[in-house]
Amino acid sequence: MEQRAEDDFTIETMKVKDLDEVMEVERHCFKTPWSRYSFMCELTDNQFAHYIIARHNGKIIGYAGMWIILDEAHVTNIGVLPEYRGKGVGETLMRSLMALAKTEGANKMTLEVRKSNYIAQNLYSKLGFEPIGIRRGYYIDDGEDAVIMWKDSL
């Protein structure tokens, strides 16, 4: 899965060889980053997992992942390096996940997002996701609630 995105970055399938750079994105994006081992297990052991990267001038600038179980896709994570935010990378990653999910037989998608992350919530709303509930204390680093968002039709 390689496709050309608008602003001179490409979307590609994540591979094990990408993990060093993905970990760099992860460290810049999250208070409690996933471990390299977690990503390795996702890529090599989890039959439900699908991960993609955004690459600009050879450098990984963002990534996104999901699990597809039966007809539902669950976004596990998405991260974009701070200097590339607001340039359409996150939206392109999400649209690419949605297209991949549909290709793989999913017809609906869900995700959790920090209650305080209004920028991400606005992006997801723009893409047709609707808030349907709250997961209390979802984030282990600070106990922040997560907003559950759902898209019924891909």
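The values are calculated or read from the model by the stated rules, or taken from the named source; none is laboratory data. Since the model is a prediction, treat every value here as computed from it, not as a measurement. Using ideal geometry, Cβ is built from the backbone for each residue, glycine included, and neighbour counts are taken over all protein chains shown.
Numerical summary
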{"item": "Index of the failed condition, residue 133 passing every other in (1) surrounded by 16 or more Cβ atoms within 10 Å (Cβ to Cβ); (2) out of contact with any Gly (no Cβ under 9 Å at 6 or more places or on another chain); (3) part of a strand (DSSP E or B)", "result": "(1)"}
{"item": "Any hit, the stretch 135-149, residues being in contact (Cβ under 8 Å) with a residue 12 or more places away in the chain, over 18 Å from residue 39 (Cα atoms) and under 14 Å from the mean Cα position of the chain (by Cα)", "result": "yes"}
{"item": "Selection within the stretch 83-99 - under 12 Å from the mean Cα position of the chain (by Cα) and of a type in the set (A, V, I, L, M, F, W, C)", "result": "89, 93, 94, 97, 98"}
{"item": "Candidate set: the stretch 1-20, residues that are modelled with pLDDT of 60 or more and aliphatic (A, V, I, L, M); chosen: the one surrounded by the most Cβ atoms within 10 Å (Cβ to Cβ)", "result": "11"}
{"item": "Among the candidates 62, 88, 58, residue that is surrounded by fewer than 14 Cβ atoms within 10 Å (Cβ to Cβ) and small (Gly, Ala, Ser)", "result": "58"}
{"item": "Selected residue [touching a residue at least 60 places away in the same chain (Cβ under 8 Å) and not in a strand (DSSP E or B)] from 31, 17", "result": "31"}
{"item": "Residue that is nearest to residue 53 (Cα to Cα) [pool: residues in the stretch 98-130 that are in a loop (DSSP other than H, G, I, E, B) and charged (D, E, K, R)]", "result": "104"}
{"item": "Test: residue in the stretch 65-86 that is in a helix (DSSP H, G or I), among the aliphatic types (A, V, I, L, M) and either closer than 25 Å to residue 153 by Cβ or in contact with a Cys (Cβ under 7 Å, 6 or more places away or on another chain) (or both)", "result": "no"}
